[in-house]
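The values are calculated or read from the model by the stated rules, or taken from the named source; none is laboratory data. A quick note: this is a predicted structure, and the numbers were derived from the prediction, not measured. For neighbour counting, all protein chains shown are included, and Cβ atoms are generated from backbone atoms with ideal geometry for every residue, glycine included. Side chains included, ligands, DNA and RNA excluded: accessible areas come from the protein's heavy atoms. Shrake-Rupley method; radii C 1.70, N 1.55, O 1.52, S 1.80 Å.
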Amino acid sequence: MLTRFSFLLKISLLVGLLLLNRISQATTPTRIVSLNGTVSEIICQLGLQSQLVGVDVTSTYPEALTKLPKVGHNRNISAEGVLALSPTIVVGTMESLKPEVASQLKSAGVTVQLFTQEYSVAGTKKLMQQLAAAFNESAKVPALTKQLDTELAKAKKPAKAPKVLFIYARGTGTMMVAGQGTSVEKVIGLAGGQNAATGFTDFKPLTAEALVAANPDVLLLFDSGLQSLGGKAGLLKVPGIAQTNAGRTGRVVEMDGQLLSGFGPRLGQATTELASKLQ
């Protein structure tokens, strides 16, 4: 009888501990650190903005995110900086963290979820679905998808695809052009343009010779990049610009960086805005 009583007591204690653990997990608030601006936007669209305790420097929309603690940029993020915010989960894209840093975070008991970002409409929808599933918010995805499709349908593409050259600028000392496979090339295509830079992937330094060879009809920059050059007047003084169709006609387009290249929930808005500026 005593043995049976001891067995039942142990079972009761085990069940009690399991219940306490579940209660503890349910009452522990989720503390999210996002390492990617697009991921941060999606988290906010899912109604989880209040659970964000830290973000990377590309997380600039909604504006309230700029007031949160910053953990760095891209693969320069350290485990110490993230752990200082006591997160329960860290999310980002595969490019957000070095593998060794991700391992350090996991060893500290933090959940790490990194996603592959594809620069397409389907890729944006997939990322929204994956993030929603990670936070048990999948029921909100259909509305977000419908909104994206509605905004994309508003885009009025130019009758003839102009050659568009995207220039990444941080002053005249740091100027790069976007090649094939970049997010900027993909959004240019969605908006009805074609990338003037061909024959290479990713980004490469801007040269006067490359400018003349590309001969773009339109020059596209982040608004912050154009400002760093002293505005349109400063850009037109860059060697090689004046010899292009864009330089001769003064066709310069500027857009918010995260909006243009993020491929997030505002992709439809970005496409529509760029398409109208390429007319």
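Would you mind classifying the range 85-238 by shape? Square roots of the alpha carbon gyration tensor eigenvalues, ordered a ≥ b ≥ c; an a/c under 1.5 is rounded, otherwise it is prolate if a/b is larger than b/c and oblate if not. Working shown, then result.
Details: a/c = 2.56, a/b = 1.52, b/c = 1.69.
Oblate, because a/c is 1.5 or more while a/b does not exceed b/c.
Just want to confirm a number: the relative contact order over the chain, from Cα pairs under 8 angstrom separated by 6+ residues, in percent. Don't jump to the answer; show the numbers that get you there.
Values: 476 pairs, mean separation 47.0, N = 279.
Relative contact order for the chain comes out at 17 percent.
Restricting to Cα pairs below 8 Å that are 6+ residues apart, what does the relative contact order work out to for the range 163-226? Please round to a whole percent. Before the final figure, lay out the partial values.
Numbers: 110 pairs, mean separation 29.1, N = 64.
Relative contact order here is 46 percent.
Count the net charge of all other residues whose Cβ sits under 14 Å from the Cβ of residue 175, scoring Lys and Arg as +1 and Asp and Glu as -1.
On the way: positive: 170, 204, 237; negative: 209.
Taking every other residue near residue 175 into account, the sum is +2.
Sort the range 160-279 into rounded, prolate or oblate with this rule: let a ≥ b ≥ c be the square roots of the eigenvalues of the Cα gyration tensor; rounded if a/c is under 1.5, and if a/c is not under 1.5, prolate when a/b is larger than b/c, oblate otherwise.
Numbers: a/c = 1.43, a/b = 1.34, b/c = 1.07.
It comes out rounded by the Cα gyration axes.
Given a 1.4 Å probe, how much area per residue of the chain is accessible, in Å²? Kindly include the intermediate steps, with their values, before the conclusion.
Working: 14130 Å² over 279 residues.
On a per-residue basis, the chain sits at 51 Å².
Past 23 Å, Cα to Cα: identify those pairs from 67/146; 70/98; 154/232; 70/106; 186/277, in the order given.
Values: 67/146 30 Å; 70/98 17 Å; 154/232 28 Å; 70/106 20 Å; 186/277 16 Å.
Those over the limit are 67/146; 154/232.
Tell me what the chain gives for mean residue ellipticity at 222 nm when only DSSP H runs of n ≥ 4 count, each as -39,500 (n - 2.57), the sum divided by the residue total, rounded to 500 deg cm²/dmol. Don't skip to the answer; put the middle values down first.
Working: 13 runs with 122 residues, N = 279.
Result for the chain, helices only: -12500 deg cm²/dmol.
Which three lengths, in whole Å and largest first, does the chain cover when its Cα atoms are put on their principal axes?
Result, largest extent first: 97, 38, 33 Å.
When the accessible area of the range 144-252 is split by element with a 1.4 Å probe, what percent falls to carbon and sulfur? If you can, show how the numbers build up before the last one.
Working: 2760 of 5220 Å².
Its accessible area is 53 percent carbon and sulfur atoms.
Take every DSSP beta bridge with both residues inside the chain and express the antiparallel ones as a percent of the total, to the nearest 5.
On the way: 6 of 28 bridges.
Bridges in the chain are about 20 percent antiparallel.
For every other residue with a beta carbon closer than 13 angstrom to the beta carbon of residue 74, add +1 if it is Lys or Arg and -1 if Asp or Glu, then tell me the sum. Could you put the intermediate results ahead of the total?
On the way: positive: 70, 75, 98; negative: 56, 95.
Around residue 74, the charge tally is +1.
Per-residue accessible area for residue 94 at 1.4 Å probe radius, Å² rounded to 10?
In the full protein context, residue 94 sits at about 90 Å².
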